[in-house]
Amino acid sequence: MKCLTLVAVAVASVPVSAQQPAGSQPFVVGNPLGLPMIPAANATFQPISSNVKVFGAIYSAESCSYDAARGLIVVPNRGVPQNVQANNAWVSLINHDGSVHTARWIGVQTPADRAALNPPLVLNEPFGSDIANGVLYVADRDGGTSPNETSVAVIRRFSMQTGAPAGETRVEGAAWLNDIAVARDGTVYGTQTGDRSPNPDAMTWQVVKISPDGTVSLFIQGAPLRQPNGVAIDGQGNVVVVNTGNSDVLTFSPAGRLLKTENAAQDGSDGIVIMADGTKYVSSVLNGGISRIRPGKPAELIARNIPNAASMCYDAGANQLVIPMNPNNALAFLRLE
């Protein structure tokens with residue numbers, strides 16, 4: 001570790017020489033797992049927490065879910081973007097220890113062969129996911145294959161028994177949904193993170209509600225949302241949303257009334273897991289930490305410096321959090337004490 005740090009310092013501090021073209025940058029390699037991922041000019045680096053283990057074999061995963069029937073972690077892989085190749089995504093099954101159970105469960109066929117299946121398979125670029133009542137729900141999208149083609153969010157459903165497509169719902173007016181949570185009755189809540197510009201339009205920060213009959217409605221819009229990302233259902237059926245734009249953890253009633261505001265230990269939240277006792281775990285995609293919020297108590301930071309910590313899930317069979325790491329093409333595993 002010290003040798004790698006010294007190398008990073010030396011490379012980062014080398015001035016552009018006369019041999020380098022004007023405006024070019026010196027070649028650098030990445031840090032070990034931790035933050036920042038790319039060596040910083042001031043040589044700052046903090047390694048990932050020692051209680052976090054990381055495994056690969058995942059490609060651009062944004063979320064995961066736990067299949068209690070199989071005792072496996074279900075991971076949608078986004079594959080390449082829509083403008084590179086459509087219908088390229090797949091779903092992997094992962095063991096408790098991070099090893100691969102089934103590399104491609106849904107989506108073993110190539111994109112060219114998927115239309116000929118019965119039923120046909122479409123899985124383009126999934127983000128959030130959830131399992132409820134024997135069904136895998138994923139927040140996918142259609143379109144967006146070129147700058148001139150509109151993208152539209154689609155909730156796709158798959159049988160957890162067979163892996164076969166089990167219907168879909170288009171969410172007109174939404175280009176894509178970030179995370180989703182599914183209530184016991186099959187109602188889907190999905191976040192639109194919206195505008196992240198310096199002078200953002202708060203009306204783009206939304207949580208939409210998709211009823212079991214396919215009716216789409218607006219659940220929450222604007223403040224107190226601020227770039228909403230992760231969403232989950234608590235034990236009372238309330239909808240809990242975490243913001244990327246601040247540290248707020250917001251609990252709404254099923255009618256959309258704000259019941260409670262808590263705060264994660266870091267801002268930049270992405271994923272949320274809610275335990276049976278009401279304890280919440282929140283991942284920060286911007287700052288790399290995992291916050292634990294016990295009922296009535298302030299947040300504790302229980303892990304640090306996980307790069308791109310995305311929409312995590314709880315692996316009940318091993319009592320651990322599983323944290324997709326987006327462009328790092330890996331999963332992080334955090335055992336709970």
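The values are calculated or read from the model by the stated rules, or taken from the named source; none is laboratory data. Predicted model only: the values in this text are computed from it and were never measured. Here Cβ is always computed from backbone atoms with ideal geometry, including for glycine, and neighbour counts include all displayed protein chains. The protein model used for the area step is the full one, side chains on, heavy atoms only, and it has no ligands, DNA or RNA in it. Shrake-Rupley method; radii C 1.70, N 1.55, O 1.52, S 1.80 Å.
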What are the residue pairs meeting all of these: first residue in the range 21-36, first residue within 15 Å of residue 52 (Cβ to Cβ) and small (Gly, Ala, Ser), second residue at pLDDT 70 or above and open to solvent by less than 50 Å² (accessible area, probe 1.4 Å), Cβ atoms under 7 Å, and 6 or more apart or on different chains? 34/45; 34/48; 34/305
Evaluate the range 215-226: report whether one residue or more is of a type in the set (Val, Ile, Thr), out of contact with any Ser or Thr (no Cβ under 6 Å at 6 or more places or on another chain) and open to solvent by less than 10 Å² (accessible area, probe 1.4 Å). no
Is it the case that some residue within the range 163-174 is part of a loop (DSSP other than H, G, I, E, B) and among the polar types (S, T, N, Q)? no
For the range 281-302 the number of residues that are more than 17 Å from the chain's Cα centre (by Cα) and either open to solvent by 10 Å² or more (accessible area, probe 1.4 Å) or of a type in the set (Gly, Ala, Ser) (or both) is 10
Do the conditions hold for residue 159, that is, is it touching a residue at least 12 places away in the same chain (Cβ under 8 Å), farther than 18 Å from residue 80 by Cα and polar (S, T, N, Q)? yes
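Residues checked against (1) surrounded by fewer than 16 Cβ atoms within 10 Å (Cβ to Cβ); (2) among the small types (Gly, Ala, Ser):
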position: 30; (1), (2): yes, yes
position: 34; (1), (2): no, yes
position: 40; (1), (2): yes, yes
position: 55; (1), (2): no, no
position: 60; (1), (2): no, yes
position: 74; (1), (2): no, no
position: 85; (1), (2): yes, no
position: 94; (1), (2): no, no
position: 117; (1), (2): yes, no
Between residues in the range 285-306 that are within 17 Å of residue 243 (Cβ to Cβ) and residues that are assigned to a loop (DSSP other than H, G, I, E, B) and acidic (Asp, Glu), which pairs lie under 8 Å by C-beta distance while being six or more apart or on different chains? 286/267; 287/267
Taking the range 120-141 as the search range and keeping residues that are of a type in the set (Val, Ile, Thr), more than 12 Å from the chain's Cα centre (by Cα) and not in a loop (DSSP other than H, G, I, E, B), which one is surrounded by the most Cβ atoms within 10 Å (Cβ to Cβ)? 131
Of the residues 173, 186, 144, only one is at pLDDT 95 or above and either within 21 Å of the chain's Cα centre (by Cα) or open to solvent by 40 Å² or more (accessible area, probe 1.4 Å) (or both); which? 186
Residues (out of contact with any Leu (no Cβ under 9 Å at 6 or more places or on another chain), open to solvent by less than 60 Å² (accessible area, probe 1.4 Å) and of a type in the set (Ser, Thr, Tyr)) located in the range 154-170: 169
Among the residues that make up the range 103-117, is at least one of them at pLDDT 95 or above, among the small types (Gly, Ala, Ser) and in a strand (DSSP E or B)? no
Consider residue 334 carefully, then state whether it is outside any loop (DSSP other than H, G, I, E, B) and under 25 Å from residue 200 (Cα atoms). no
If you take the residues of the range 314-326 that are open to solvent by 10 Å² or more (accessible area, probe 1.4 Å) and of a type outside the set (Ser, Thr, Tyr), which of them is modelled with the lowest pLDDT? 326
